[in-house]
1. Which percent of Cα-Cα pairs in the stretch 3-83 sits in each 5 Å bin, short to long?
2. Taking every DSSP beta bridge that has both residues in the chain, what percent is antiparallel when rounded to the nearest 5?
3. Fewest to most neighbouring Cβ within 10 Å: what's the order for F156, F101?
4. Only Cα pairs under 8 Å and at least 6 apart count here; give the relative contact order of the stretch 1-149 as a rounded whole percent.
5. May I ask which residue of F156, G13, V50 lies farthest towards the positive end of the charge dipole of the stretch 5-205, with charges of +1 (Lys, Arg) and -1 (Asp, Glu) on Cβ and the Cα centre as origin?
6. When K196, K23 are ordered from fewest to most other Cβ atoms inside 10 Å of their Cβ, what list results?
7. P(r) of the chain in 10 Å steps, Cα pairs, percent per bin?
8. Given the stretch 36-148 reduced to its alpha-carbon atoms as identical point scatterers, what log10 I(q)/I(0) does the Debye formula return at q = 0.15, 0.16, 0.18, 0.23 Å⁻¹?
Amino acid sequence: MTGDVDAVVLAAGRGGRLGLGPKAWLSLGGRTLLERAVAVMRGVASRVVVGVAADELPRARALCGDADVVPGGHSHRETMLAALRAGRAPVAIIHDVAHPFVTAALAREVIDVARREGAAVAAVAATSTAYRRPAGGAAERLGPRDIWTVRRPFAFRREDFARGLAAGADTDGLSVILSRAGVSTALVPSPSWNIKITTPDDWALAQAIERGGLA
């Protein structure tokens with residue numbers, strides 16, 4: 001069932017840390033990261049809203065077909081809020097072009113858990129020991145599976161998000177906003193190859209994953 005779901009694709013970033021220009025227009029496996037993200041979200045939502053930089057609107061609308069394309073803001077948060085305002089479905093799922101290997105199956109699982117629990121996010125469990133060391137403090141050993149790295153997508157009930165947003169600053173993260181509405185975010189195990197592209201090393205890894213057909 002997709003009729004109760006709006007998908008938001010965040011694609012307004014400038015890719016400053018990557019140094020290759022806006023990530024949305026990078027090509028991986030013969031498709032731009034924007035095309036990949038929109039294609040997956042079309043399979044899980046009744047409506048797809050894409051937030052892009054204002055000067056990229058014509059280009060994005062030509063590429064995204066029946067998806068709604070709206071101008072984003074100066075941050076991921078501003079872009080997300082602008083895109084959310086364009087939808088009305090009771091469940092929203094947030095995706096980002098920086099996560100090129102998200103599958104429809106993973107997105108559906110995140111949506112299903114969010115319907116039951118209120119909110120859910122894909123996350124990768126650590127498989128090695130790690131240490132947490134606060135500034136000036138002693139190191140704390142953390143064992144495997146004590147740490148989960150948040151990925152995308154992230155799904156939640158719109159009414160809970162609205163209540164959490166009204167209760168505090170909208171600069172907080174999604175899980176913090178939802179917690180103000182009494183909703184805990186459930187973790188949905190994600191494959192380790194569901195990476196986020198931020199740095200040149202991440203881009204090299206994404207190309208290797210794509211060439212090897214691992215995703």
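Only the coordinates and a few stated rules stand behind these numbers; no lab work does. Keep in mind the model is a prediction, meaning the values are calculated, not measured. Neighbour counts run over all protein chains shown; Cβ positions are idealised from the backbone, glycine included.
1. Each 5 Å bin holds this share of Cα pairs: 3, 17, 27, 27, 18, 7, 2, 0.
2. 45 percent
3. F101, F156
4. It comes to 24 percent, rounded to a whole number.
5. The residue sitting most towards the positive pole is F156.
6. K196, K23
7. Taking all Cα pairs of the chain, the binned fractions are 9, 32, 37, 18, 4, 0 percent.
8. Scattering profile of the stretch 36-148, log10 relative to I(0): -0.78, -0.84, -0.96, -1.30.
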